[in-house]
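Visitor: Take a look at the following structure, please.
The values are calculated or read from the model by the stated rules, or taken from the named source; none is laboratory data. Since the structure is predicted, the reported quantities are computational estimates derived from the model, not experimental observations. Cβ placement follows ideal geometry from the backbone for every residue including glycine, while neighbour counts extend to all protein chains displayed. Areas reflect the complete protein model, heavy atoms only, side chains present, ligands, DNA and RNA absent. Shrake-Rupley method; radii C 1.70, N 1.55, O 1.52, S 1.80 Å.
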Amino acid sequence: MRRFQLAGGVGTLPPVSRTEFDSAVRHWLASCLPTGAGAVVLLTRHTGWVLLDRAAATLRATVPVRAEVGPGATLPADADTAAAVQEILRTIPLRFDHTLLLARVDRAGAVHIDSRVLFPAGLRLARGETATVTVTVYGGVADNPSAALPVFCGNPAPDGAGAQPLCWEPTSLTALGPTSVTFGLRGPGEVTIGAPHRTPRELPPADAATLVRSLPRRIQRPVGLEVFLTVELSGADEAETGERLAFARALITSLTRHRGAAHQLRIGIVGHYDHVIRENAYAPRPTLLLHVPAGPAERALANLESWRPAQREQDTVSSLEDALRTVVSSGGADVGSAPVRRVVLVVGRRPPAVAAQRHGLVPTCPLGADWRVELERLRRSGVLVMSRADPYAGARGPGRPGQGGGSYAEQAWAALAADGSFRPGADSPADVAEALVPAWRTDGPSCQLAFATPLL
């Protein structure tokens, strides 16, 4: 009976007054629709129903209708009303840009927000369509398993005002590395992040202004790194020296792969053999030092491949003092104007020789080099001097040390390791590289946003 009456047929109930019916519809609209409703969609499932057509006309005259959809093949008659309306709303053009909020570091190190439009205003999707866009973002100074990649409706102002959050999901980003993230748009306000980058937990909602206030004030990039290695090439056997050469190669390789050092890295090497004293001054002098000036790491690695070990002549001291003098003369003590961290890493087992005989039978340097003077020159110029040396274990071969040799070795290595020391077998080349690379400096809290451009 109700369906028949709604269709305009003659029933047993009295006819409906058009004026009263229109008033009833307007009263229902006033109680049903929220005040200031900005988006009303009229969904008409059937045609020819007189009273429903009358109610639709009253609705059009009362409130602005954003979209109107009648019956058709794209909208099944038995479809869920809420789902049908949602699909209709997804085809409405975007009124505002859908914007991704990122961070950016300028040349002075100051941190600012950077807005990137993912889906511009005016974009309109077809029924059932999903638009996608892939953006490359960059991680901060450390791995962040829950970095924020918030998408806002509108373009946030520099202080974060003027935009509403749409999508707020945590995303895993690697330190300093690029990451490609795909965003999907199903309709106005419906933005999702590609599943491979999502992390299980949800981030608490916040606005752009809160994010801007939580940014670090400044991120200072690390200074350049220049490393000089002094490698003792004389040993009891080839295995001893081979281990030091292998460590030097592995350390240089680790430095080239380190994200904080590879962009401005210089490597220099000085290999030194034992002093050999000749009675005849005219006899050819044997090779004492092998020197590679500071420069590209590839050149240092190529030269290391041709270096060969030698049997040591005595077990007390090495020619390290001459290697240190070579480092100073080749520019290792010249800090210069560019901000560079300079490190001299001593790789060996025996301490340097003394300049004058004051320690019993500890041999002196035939060339008269004083390693303490060279060490002071390096440190006075801001160069860090560190050691990676085997612990002194007493005499292990011809040329046993005299009285005081053991205490001299301990004192010498303590002086050479005042800026830091590493032990074979305990500190890997990667650990040493991590200790040598200059650190990033962040003024303020860690940045939770992804970066629009690489930090390096």
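Visitor: Return the Rg/Rh value of segment 125-174, two decimal places, where both radii are evaluated on C-alpha atoms and Rh is the Kirkwood radius.
Guide: With Rh from the inverse mean 1/r over Cα pairs, Rg/Rh is 1.06.
Visitor: Also: Return the FRET efficiency for the residue pair D419, R299: r is the Cβ-Cβ distance, R0 is 30 Å, and the value is rounded to the nearest 0.05.
Guide: Step by step, r from the Cβ atoms, then E = 0.70.
Visitor: OK, next. Relative to the present Cα-Cα distance, how much length would full extension add between S172 and S306 at 0.36 nm per residue of separation?
Guide: Length gained between S172 and S306: 43.9 nm.
Visitor: Just name one of F183, V151, A161: the one whose Cα is farthest towards the positive end of the charge dipole of segment 121-198 (beta-carbon charges, Lys/Arg +1, Asp/Glu -1).
Guide: With unit charges placed on the Cβ atoms, the residue in question is F183.
Visitor: Using 1/(1 + (r/R0)^6) with R0 = 41 angstrom and r between the beta carbons of A61 and R104, what's the FRET efficiency to the nearest 0.05?
Guide: That gives a FRET efficiency of 0.20.
Visitor: From largest accessible area down, sort S254, S31; use a 1.4 Å probe on the protein chains. Spell out each step's value before the answer.
Guide: On the way: S254 30, S31 90 Å².
Accessible-area ranking of S254, S31, largest first: S31, S254.
Visitor: How big, in percent, is the set of alpha carbon pairs in segment 59-191 lying more than 19 Å apart?
Guide: 60 percent
Visitor: Would you mind computing, in nm to one decimal, how far apart the modelled labels at L51 and S329 are, each placed 7 Å from Cα along Cα→Cβ?
Guide: My value for the distance between the label points is 10.9 nm.
Visitor: Label points 7 Å out from Cα along the Cβ direction at E68 and R213: separation in nm?
Guide: Between E68 and R213, the label points sit 4.7 nm apart.
Visitor: What length, rounded to one decimal in nm, is gained on full extension from E20 through to T130, with 0.36 nm per residue of separation minus their alpha-carbon distance?
Guide: Contour length minus Cα-Cα distance gives 35.1 nm.
Visitor: To the nearest 0.05, how large is the calculated FRET efficiency for L33 and A161 if R₀ is 30 Å and r is the Cβ-Cβ distance?
Guide: 0.55
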